[in-house]
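The values are calculated or read from the model by the stated rules, or taken from the named source; none is laboratory data. Owing to the predicted nature of the structure, the values given are computational and were not obtained by experimental measurement. With ideal geometry, Cβ positions are generated from the backbone for all residues, glycine too; neighbour counts draw on all protein chains shown. Note: areas computed on protein heavy atoms with side chains; ligands, DNA, RNA excluded. Shrake-Rupley method; radii C 1.70, N 1.55, O 1.52, S 1.80 Å.
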Amino acid sequence: MDQLLAFTVVGLSTAAIYAVIGSGLVLTHTTAGVFNFAHGASGMLAAFSYWQLAVGWGWPVPLALVTVLLVLAPAFGLVVERVLMRPVQALGEAERLVMTVALLTGCIALARWVWNPDTPRPLEPFFADRSAIRLGPATLTWHQAVTLAVAVAVAAALWFLLHRTRAGTEMRASVDDRALARLTGADPLRAGRLAWILGSQLAAVGGILIAPTVALDAQQLSLLIVSAYTAAVFGRLRSLPLTFLGAAVVGLLEAYLAGYLPRNDYLPGLRLAAPALLLLLALLAFPHRRLRGRDRRLVRVPLPTPRGSLVLAGSVLLLALVMATVLSEEAVVSYGTVFSVGLIALSYVPLAGFTGQISLCQLSVAGIGAVVWGHLGAHGELWALPVAVLVAAGVGALVAVPALRLSGVYLALGTAAFAVVLDRWIFTLPAFDVFGVRIALFDQGSVAVTGPDLFGLRLTSPVRLLLLAAVCLGLASLAVAALRRGRFGRRLIALRDSEAAFATLGGRLLGAKVAVFALSAGLAGLGGALYGMQRQTVTAEQFDLVAGLPVFLIAVVGGLGAVGTGLFAGIAFVVPTQWFDGLGSWAHDLSPLLIALAGMGLAHSPAGIVPRLHAEWARLARDRTLFPLLLGVLALCWILAATDAVDGPPLLAAALLAALALNARASARRSPDTDIAVEWWGIRRPWRPEDGEVLHRATAAS
């Protein structure tokens, strides 16, 4: 009984922190209509800033608290609301979700860049010099008492704000109907701005309170938000009292598991994954109309032509040949993962681009493909590669079952929770037996991975593995393009447009979702297996949730509906990462930071960069004079680089300059289109911003 009371005290103090953070999450979501995946990251930055002021620079604790909570946190909330979220407010729920994922990635990268993650930063609890408070057989530290008092004060202050002030009335009115609230004199923008400020402050309070009890680590502190997610889902993202109740359930569950969970090699990860498991159960168990609702603006999915698909596949193979003949063996090892990472990014196209299903666990599924190949194909057995793809596809089909109840941000939450369960528990399990079959994952370490034996030809060298990955990416791109042009691809797009209409017209939701989840997971598993072959060893940390966010963001930046996104994402992810790593350890986190900034620019190009690049360079590709000239220049540069006649960087710069100059020339040589009839505007020539005004004037004059 004494032990139970002690664990209850610990659980309630932890629950108080989750309640504070979760209440800020609910406040932001209900008022601004945005589920902030970066909510925990803002608390993490506040904790690091507090440490820097109070410990690093020796400021008095009260001054450091005032600076962080009343200056830095509100400023952060204002910047996020004004610069990042307001431009995408007119877009859909998926675009706003991507913006917060980009913010999460950027905050983690920024914290790692500013504060060296290898340097320990202990933070002393509040009133650590005072004796603990005795509660019978249990003890309550002053830090825990402060935490509980802060949670009670936050609950009271939020109730007073929402029910006894004009600002709170505006916030609640904006939740119900923003347009109607505006008609009654309320200002939804002001309410949203206040919600972001208060949300950032509450996240900062939670981050500062929990930092002394855990390591001051950017990733760990940011992912503590999973527990606050669970509390917020208990409150159905609307009810603050239910959010506090959910926080109590999560905090007590963690404390009791820490105290009473049996000690063996298989269960420690369960305690770490318990909040994510509880989040999954809460998402599936709690009925709510907004769990199935969608609020998004559909983006046109490009239709690839057979010729364009063949050109894309040929470009992939040609790029692989250039890399194999130009790069040194060491450089091939560094840059060769372009194609395997591209396969993982391509898996988002049929799932998120065609079907509109947002998944944040694709890299974790790729890890399953890598580890299955590592164990079954340890001696290069070729049959193990399709088995790895099938196992990954089976995991994807398993994920598809809860997808029937979830969509939009809730599906993203569910897949993120699934990735956390894999990271914290499943991937950490030692080998075990199931019905006499030995199951081994990462076995609490690393897994050696080798290349396959292709009909007597052993593919173990970096160049051969590079070519194998390129062939797989080219074939997969052709398959995805054929899927988009086929009947099933049209069904998937119809499913994305309206699940209700799809089902009404005779479509089978379960079959379609299971098929597309299995397909995308199979592609990710293949990419993970090839990635492992090229890396030769894989660890669980290479496939965790945070590691997968930059790949997801680059796929979004490229364009989730474009088949060329796979190649684009592979190049955009691998090449800058290797360049920055070559500059030294100080630049290691610059690549994910730049990826996050690119994701934050989503509002300027919701359809992605790949369709824009295709539109801008299509005229050069159709020019029968300039395009062969460009091919000749590129071939000359290739020969000079392969023979070591000229160094690579100058040739690369020359090739880029020649391509840009020829594209500009092709654009200048475009045929006049003044004689195109108005009904063909936007079809035979691109639609221009001034066309709408021209049509308006013409119809007004008539």
Selection over the stretch 359-381 where residues are part of a helix (DSSP H, G or I) and touching a strand residue (DSSP E or B) at 6+ places or on another chain (Cβ under 6 Å) yields a count of 3
Within the stretch 573-600, work out how many residues are open to solvent by less than 30 Å² (accessible area, probe 1.4 Å) and closer than 28 Å to ILE493 by Cα.
3
Give the stretch 192-223 a look and list any residue that's modelled with pLDDT under 80 and surrounded by fewer than 23 Cβ atoms within 10 Å (Cβ to Cβ), or say none.
ALA215
Look through LEU103, LEU78, LEU63 and report the one residue that is touching a residue at least 60 places away in the same chain (Cβ under 8 Å) and open to solvent by 40 Å² or more (accessible area, probe 1.4 Å).
LEU78
I want to confirm something. Restricting to the stretch 179-191 and keeping residues that are part of a helix (DSSP H, G or I) and surrounded by 19 or more Cβ atoms within 10 Å (Cβ to Cβ), which single residue is modelled with the highest pLDDT?
ALA191
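Yes/no per residue for (1) polar (S, T, N, Q); (2) out of contact with any Pro (no Cβ under 6 Å at 6 or more places or on another chain); (3) in a helix (DSSP H, G or I):
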{"position": "TRP59", "(1), (2), (3)": "no, yes, no"}
{"position": "THR67", "(1), (2), (3)": "yes, yes, yes"}
{"position": "VAL101", "(1), (2), (3)": "no, yes, yes"}
{"position": "ALA128", "(1), (2), (3)": "no, yes, no"}
Residues being loosely packed, with under 13 Cβ neighbours inside 10 Å, under 20 Å from VAL546 (Cα atoms) and among the hydrophobic types (A, V, I, L, M, F, W, C): count how many of those fall in the stretch 112-134.
0
The number of residues in the stretch 258-275 that are closer than 20 Å to PHE432 by Cα and open to solvent by less than 70 Å² (accessible area, probe 1.4 Å) is 6
Residue hits (the stretch 315-340; open to solvent by 10 Å² or more (accessible area, probe 1.4 Å) and under 24 Å from the mean Cα position of the chain (by Cα)) are SER334, TYR335
Pull up the stretch 33-49, narrow it to residues that are farther than 17 Å from ALA228 by Cβ and open to solvent by 10 Å² or more (accessible area, probe 1.4 Å), then point me to the one that is farthest from the chain's Cα centre (by Cα).
SER49
Before we move on, is ALA54 within 18 Å of GLN201 (Cβ to Cβ) and either surrounded by fewer than 24 Cβ atoms within 10 Å (Cβ to Cβ) or not aliphatic (A, V, I, L, M) (or both)?
yes
Out of (1) crowded, with 24+ Cβ neighbours inside 10 Å; (2) without any contact (Cβ under 8 Å) to a residue 60 or more places away in the chain, what's the single condition that is false for LEU281?
(1)
State all residues of the stretch 621-664 that are surrounded by 15 or more Cβ atoms within 10 Å (Cβ to Cβ) and either in contact (Cβ under 8 Å) with a residue 40 or more places away in the chain or among the small types (Gly, Ala, Ser) (or both); if no residue qualifies, say none.
ASP623, LEU626, TRP638, ALA641, GLY648, ALA654, ALA655, ALA658, ALA659, LEU662, ASN663
Could you check GLY356 against (1) part of a helix (DSSP H, G or I); (2) on the phi > 0 side of the Ramachandran plot and say which number it fails?
(1)
Pick from the stretch 371-411 the residues that are among the β-branched types (Val, Ile, Thr) and touching a Lys or Arg at 6+ places or on another chain (Cβ under 9 Å): which of them is surrounded by the most Cβ atoms within 10 Å (Cβ to Cβ)?
VAL409
Can you find even one residue in the stretch 606-614 that is modelled with pLDDT of 85 or more, under 25 Å from ALA331 (Cα atoms) and buried (at least 21 other Cβ atoms within 10 Å of the Cβ)?
no
For THR415: the one exception among (1) open to solvent by less than 10 Å² (accessible area, probe 1.4 Å); (2) modelled with pLDDT of 90 or more; (3) in contact with a helix residue (DSSP H, G or I) (Cβ under 6 Å, 6 or more places away or on another chain)
(3)
Given the conditions (1) open to solvent by 10 Å² or more (accessible area, probe 1.4 Å); (2) under 20 Å from ALA203 (Cα atoms); (3) assigned to a loop (DSSP other than H, G, I, E, B), and given that LEU242 satisfies all but one, which numbered condition is not satisfied?
(3)
